[in-house]
1. Using a simple spin-label model with points 7 Å from Cα along the Cα→Cβ vector, what separation in nm is obtained for residue 42 and residue 67?
2. Please list, in chain and number order, the residues 5+ apart from residue 19 or on another chain whose amide H is under 5 Å from its amide H, with Hs placed from the backbone.
3. Quick check: from the Cα gyration tensor, does the stretch 5-77 come out rounded (a/c under 1.5), prolate or oblate?
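What follows is calculated from the coordinates using simple rules that are stated; it is not laboratory data. Since the model is a prediction, treat every value here as computed from it, not as a measurement. Backbone-built Cβ (ideal geometry, glycine too); neighbour counts: all protein chains shown.
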Amino acid sequence: MDPARAEEKESSASITLVFDNREAPLQIAASTSKGRLPQDAFIEAVKTSREAAAKNFQFFKAALRRKIEASTTQAHEADAKEETETVKKEVKLKVTEEDSEDEEVSEEDI
């Protein structure tokens, strides 16, 4: 799949495949090859590479989804915290206003 340089130098042929993940099954977007590779070996390499690329794409999509969900959750938590603080301030203001009204009433009563 991802040979070391030594392995690649020792091989009689190598291919590099680039897949487009927008369609299923994955389509080859680009390829390069070095050396002579029998057709059946090429077909097997494409099949194996396509399966591995599909798993890689699934992994990356899942990782990205988790990161976005975590980011969204953090944003929602921050929004909720900010909203809670705003409500606390409004309640405190209202209580303070009510307290000052009570004070005014008590002063008039005296």
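1. That separation, rounded to one decimal, is 3.6 nm.
2. So residue 19 has HN proximity to 29.
3. Values: a/c = 4.08, a/b = 2.53, b/c = 1.61.
Because a/c hits 1.5 or more and a/b exceeds b/c, the stretch 5-77 counts as prolate.
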